[in-house]
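Values in this text are rule-based calculations from the coordinates and carry no lab data. Since we're looking at a predicted model, the values are computed, not measured. Here the Cβ is made from the backbone with ideal geometry for all residues, glycine too, and neighbour counts use every protein chain on show.
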4 protein chains.
Amino acid sequence: MGRLERPVLAVNMKAYDSAFGERARDLARAAGRVSSSTGVRVILVAPLLNAASLAAIYEDVYAQHADPVGFGAYTGFTPAEALALEGVRGVMVNHSEHKMIYRDVERVVESAKKAGLEVLACADTPGEAAGLAFMRVDFIAVEPPELIGTGIPVSKAKPEVITGALEAVRRVREVPVLAGAGITGGEDAARAVELGSAGVLVASAVMKAADPESKMRELAEAMSRAWRR
Amino acid sequence: MGRLERPVLAVNMKAYDSAFGERARDLARAAGRVSSSTGVRVILVAPLLNAASLAAIYEDVYAQHADPVGFGAYTGFTPAEALALEGVRGVMVNHSEHKMIYRDVERVVESAKKAGLEVLACADTPGEAAGLAFMRVDFIAVEPPELIGTGIPVSKAKPEVITGALEAVRRVREVPVLAGAGITGGEDAARAVELGSAGVLVASAVMKAADPESKMRELAEAMSRAWRR
Amino acid sequence: MGRLERPVLAVNMKAYDSAFGERARDLARAAGRVSSSTGVRVILVAPLLNAASLAAIYEDVYAQHADPVGFGAYTGFTPAEALALEGVRGVMVNHSEHKMIYRDVERVVESAKKAGLEVLACADTPGEAAGLAFMRVDFIAVEPPELIGTGIPVSKAKPEVITGALEAVRRVREVPVLAGAGITGGEDAARAVELGSAGVLVASAVMKAADPESKMRELAEAMSRAWRR
Amino acid sequence: MGRLERPVLAVNMKAYDSAFGERARDLARAAGRVSSSTGVRVILVAPLLNAASLAAIYEDVYAQHADPVGFGAYTGFTPAEALALEGVRGVMVNHSEHKMIYRDVERVVESAKKAGLEVLACADTPGEAAGLAFMRVDFIAVEPPELIGTGIPVSKAKPEVITGALEAVRRVREVPVLAGAGITGGEDAARAVELGSAGVLVASAVMKAADPESKMRELAEAMSRAWRR
């Protein structure tokens, strides 16, 4: 697999209050505008509760998680197949705030791919990323958990985690790597691209912004410029 | 608290394939018809993924689960407050297939009530039911897990679990008790009402039925007759 | 069941460094001396790792936990039956730092009793305590988790948790209740007895004491005086 | 790192009834005899409950698990440091029956190594093994969980899991790989060595044997012959 055509801005909506209701729908519409005008792929990683309804507004919606189950007698758990049935495009798995054991990640990835979903798998470290590269995932996001939500950008504070993950993943298979944790502005995002990543995974920077659309635009434009260099 | 005005048919949709997509929406419409024509309260206990969208079709939708978190940096977890924001009426907690430790049940019940949601809490045994009665829940469903999905109705095979739960709950506080596990037909549902329960919690009987609406109607009508006796 | 003959001082050794090696063996010998000279029952609640070896030094040793499994293909899990086979007298279950779902507590209590072990079950609140009273446990310890390790004694800061638990448990069955959380001195322990509890469950007060034996003696003597009043 | 001097027979005692009490002590003595007479390293992977006391009988004892905690206020959890303090030589982590998330495995491995313990980490698949090879572990055991306890030997039924794991691990770092799952006799063990593994991890074959010492001897002698070839 060669280089992606365009960089990726993945926005993890988490469970912030801005991730639900009308504000979430506004965000979905804004994501569409930012994506169209910047040429950057904007993936909204939505709560399970509104992933399907946001997918009806904006095409590029992932769910934040799926459980290692198929269709059946499971209460309050979400099979990846169900995401596909409800029109969601992809699924994020193994986020730092929702870790699973290796075998369960494998199980979810397998059923997600079988159902035609894209998969973004998260790793804390290069070692964890290497293990994930053995699976049929579309993206690997690397986020040192100690930087998540701090505003201290991984691309500046721990660039070796990004480059280490890129190298570790490449030893196994070419999978686009996103960088995450502490990324708050365009400069951090551009730096992540310059280090070789295919984009960034952000959360609070957008979800807690006074103007989320401007923030997405800032991040996307900076990555777009760095990508063309 | 006195007796409820009408019995309750709670349908746990689980993660059966019939719980998603168009078939789920059909079920929501059917629930409305059954409820109107029989006078029985029909609660649809929906997957997180479509609880909100089903709530837009049918007013009496609960989510199958909520997590012990508030709004914030939680990925793939569902705060009870978010259910309220997305128009869902209530939440089921502590189902046999999604147990939580006591403290987490308390946490979810508390935030659900604060957000104006109704709460249906599940217990395996009279002892577990007694503990739940200390919380501000609206219903307690008792289901011996060894009978779930078996087609062996609790109301016949283990009536003492229902009467034991009724007695254990009453020692603490008057909370309507639903009976569940193995209930497949009207006769089982009527028997549950005769034993003193306020209704039933069913899953496979409806979700795997060739004609779910007829099955809901059969259960509702039988309870309605038993209720008036 | 009437009143116990003598109050109980249960010492949860936790995983403090003083809970292992020679210091743990010293503690076991000291517990024997304190118990003999004060007439208070001193239960040492030991780590899984040395519960058996401490039981060879001092007769009144409980393990801190057992898992809901029997003998069999379980790796790194501890069946209650194994505790009995290794000479341990009892087991603590459901401690605030090691909560289990209700059904698993039931499973452990059942196999512990079958194996001839005593059981001390822990609750955060009166409601949780009521649920545990349905099981065949020998003691229920109530500890508001927000006070554990704080040095703010439950017997002064939240006496209503103790009296509430006593009342909630009594509604179900007479089980001796121990009070815990924040108890650091004799006065707190005496107060717990005066409120109607059968003793106390302590941890850091003893395990982090410069002289654990003196601390155990102080707590035991104060309870002994309050008990005779 | 070059090749080990001698092959390894690791015996996971699990929680079989033969893993406790006098039978466990007999096994420890037998392990010593087999190790001396065959020249094969025999590691007994013991329950937490008697790891320390078996370590007093036989020098080569590992614990079956340690928890991702240090010394402190943890109840019923086992810090790796405590194993060292109690004279245990090593620790097995992430066994198929006791999986942890990646980050917790890292945490245990780190504190185990700091405490001077050896570490045997388990993987289900080559991908999981690759991730573990990024950590400072001494052995990686690969066991396809679907074969554990079946008597269908991995070395015959799924040799590609062993060779795949060897290759995946080697891409990261040279770590001796043990093969496990379904190995019941000398021929299976010899085959595992011929495939390039440094030995085997067995459980039921020894623990359920009428004569565990003979079984250990059979496995050890077969590996010893294959090793010298």
>> Given all pairs of different Cα atoms, what value in angstroms does the Kirkwood hydrodynamic radius of chain C take?
In response: 17.1
>> Can you compute 3J(HN,Hα) from phi for each residue in the range A:164-172, using the Karplus curve 6.51 cos²θ - 1.76 cosθ + 1.60 with θ = phi - 60°, rounded to whole Hz and x for Gly and Pro?
In response: x, 5, 4, 5, 5, 5, 4, 4, 9
> When a footprinting reagent is the concern and you count Cβ atoms within 10 Å, what order do D:223, B:100 take, fewest first?
Replying inline: B:100, D:223
> Counting only residues 5 or more places away or on other chains, whose amide H sits under 5 Å from the amide H of residue C:149 once H atoms are built in the peptide plane?
Replying inline: C:182
> If amide H atoms are built 1.01 Å from N in the plane of the peptide, which residues on other chains or at least 5 residues away come under 5 Å of the amide H of residue A:123?
Replying inline: A:141, A:142, A:143
> In nm, what does the list of distances from residue C:156 to its counterparts in the other copies look like, shortest first, when each label sits 7 Å along Cα to Cβ?
Replying inline: 4.9, 6.2, 7.1
> Which whole number gives the average, over all residues in D:79-86, of C-beta atoms from other chains lying within 10 Å of the residue C-beta?
Replying inline: 5
> With springs only between Cα atoms under 10 Å, which of B:117, B:83, B:147 fluctuates most in a Gaussian network model of chain B?
Replying inline: B:147
>> Nothing charged except the Cβ atoms of Lys and Arg (+1) and of Asp and Glu (-1): what's the magnitude of the dipole of the range C:131-225 about its Cα centre? Round to the nearest 20 debye.
In response: 220
>> Need one word for the protein assembly as shown: rounded, prolate or oblate. Basis is the Cα gyration tensor (sqrt eigenvalues a ≥ b ≥ c); a/c below 1.5 gives rounded, then a/b vs b/c decides.
In response: oblate
> HN-Hα J couplings of the range A:174-191 from phi, Karplus 6.51/-1.76/1.60, θ = phi - 60°, integer Hz, Gly and Pro as x?
Replying inline: 7, 10, x, 10, 9, 9, x, 5, x, 7, 10, x, x, 4, 4, 5, 4, 4
>> Could you compute the net charge surrounding residue D:214? Neighbours are other residues with a C-beta less than 12 Å from the C-beta of residue D:214; K and R count +1, D and E count -1.
In response: -1
>> Here is the link list: A:113/D:158; B:99/C:99; A:99/D:99; A:99/C:14. Which ones come out longer than 19 Å on Cα distance?
In response: A:113/D:158; A:99/C:14
> Can you pull the mean other chain C-beta count within 10 Å for peptide A:63-70?
Replying inline: 3
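Within the protein assembly as shown, what percent of beta bridges assigned by DSSP are antiparallel, to the nearest 5?
Antiparallel: roughly 5 percent of the beta bridges in the protein assembly as shown.
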> Can you give me the Cα centroid spacing of the range C:84-148 and the range A:97-141 in angstrom?
Replying inline: 38
>> How long are the semi-axes of the equivalent ellipsoid of the range B:3-125, taking √(5λ) for every eigenvalue λ of the Cα gyration tensor, in whole Å from largest down?
In response: 23, 17, 14
> How big is the charge dipole of chain B about its Cα centre, in debye rounded to the nearest 20, if each Lys and Arg gets +1 on its Cβ and each Asp and Glu gets -1 on its Cβ?
Replying inline: 480
> What are the residues whose amide H is under 5 Å from the amide H of residue A:45, where those residues sit 5 or more places off or on another chain and H is modelled from the backbone?
Replying inline: A:11, A:12, A:13, A:62
> Can you give the calculated 222 nm mean residue ellipticity of chain C, where each DSSP H run of n ≥ 4 adds -39,500 (n - 2.57) and the sum is split over every residue, rounded to the nearest 500 deg cm²/dmol?
Replying inline: -13000 deg cm²/dmol
> Say a label goes 7 Å from Cα toward Cβ at residue C:174 in every copy; what distances in nm does this one have to the rest, shortest first?
Replying inline: 3.2, 7.2, 7.9
>> For the rotation taking chain A to chain D, which residue of A has the Cβ nearest the axis, and how many Å away is it?
In response: A:131, 1
>> Can you list the copy-to-copy distances for residue B:98, using a point 7 angstrom from Cα toward Cβ, in nanometres, shortest first?
In response: 1.2, 2.9, 3.1
